[in-house]
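Working notes, beginning with the structure itself.
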C-alpha cells in the first residue's frame, strides 16, 4: 500500500495546454454575418472585392465576440481592408481601448467573376460551378479567381506580419474571413485545402505560431458565445 502511494506521489499529472513562452497565439475571429446578397445588385467593391456591411445579426455576433474575449489580454488586433471585419472588431476594440491595424493580406479570397455577392447567390441556386469548386477544392475554378498558391502565400505573409508585430509570449486577435480561416487551418494542420472552410460567422479559432515558424491549430470554430450562428456563406 505504501509503495503504491509513493509511486502515485512521484507521478506526473495532466495539465492544460499552455503555449510556449516564445510563441504567439493568434485568435482568429470570423466576421459577423453580412447583409443579404441581391440578384442584379452587386455589393460595393474595394479593390475589386465585395465589401458588404454587417447585418443586424452580424452586429449582434460582433457584440457576442467582444463579450467572449473581454478577459483576453491581447497585444495587437488586426483586421482586413474589408468593412465587415472592421465592424466586427469595433465592439472588442472599444471595450479594450485598442486600435485595430488594417492588414490587407487578411482579405477574403478573390472570387473573380463571382465577386460582389455573386458567389453567395450561385451557392443558393445550386450552380454546377459551385459543385466543381468543392470537388476540385480550388477557388480558381472560378474565372479570374485567386489561385491557392497566391492565397496561401499572402496569408502566410500576413501571419508573419502579425507575429513580428507583437511580443513573444502574447496573444493577438485577427478578424478575418471564412475562406481565410479555412486556409489558415489547412496550413497549420497539413489538411486538404477545403477541410476547414465551414467556419461560422462570429466563430473563434486559435493558432499558435512557434518561434521556429511551426504552426499549431489549437481550436476551430468555437461558437458557444453565439446566440445566432450563421453558416459558411453568411
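Protection proxy ranking of 177-187, 110-120, 65-75, by the mean of other Cβ atoms within 10 Å over each peptide's residues and highest first, is 177-187, 110-120, 65-75.
The residues 215, 139, when put in order of fewest to most other Cβ atoms within 10 Å, stand as 215, 139.
If both residues of a DSSP beta bridge must be in region 19-222, then about 55% of such bridges are antiparallel. By other beta-carbon atoms within 10 Å, ranking 216, 38, 207 with the fewest at the front produces 38, 216, 207. By the helix-only formula, in which each DSSP H run with n ≥ 4 contributes -39500 (n - 2.57) and the sum is divided by residues, the chain has a 222 nm mean residue ellipticity of -11000 deg cm²/dmol. Is region 19-222 best put as rounded, prolate or oblate by its Cα gyration tensor, with a ≥ b ≥ c the root eigenvalues, rounded for a/c under 1.5, and otherwise prolate when a/b is larger than b/c, oblate when not? Oblate shape, in that a/c is at least 1.5 and b/c is the bigger or equal ratio. When each of 107, 224, 59 is scored by the number of other beta-carbon atoms lying within 10 Å, the sequence from fewest to most is 224, 59, 107.
Summary of the geometry: region 187-234 and region 22-37, compared by the centres of their Cα atoms, lie 9 Å apart.
When the chain is treated as a Gaussian network with alpha carbon springs shorter than 10 Å, the biggest mean-square fluctuation among 167, 128, 44 belongs to 128.
Reported to the nearest whole Å, the Cα centre-to-centre distance from region 46-95 to region 157-179 is 15.
Every number here is computed from the coordinates shown, using simple stated rules; none is lab data. Predicted, not measured: the structure shown is a model, and the values here were computed from it. We place every Cβ from the backbone using ideal geometry, glycine too, and count neighbours over all the protein chains shown.
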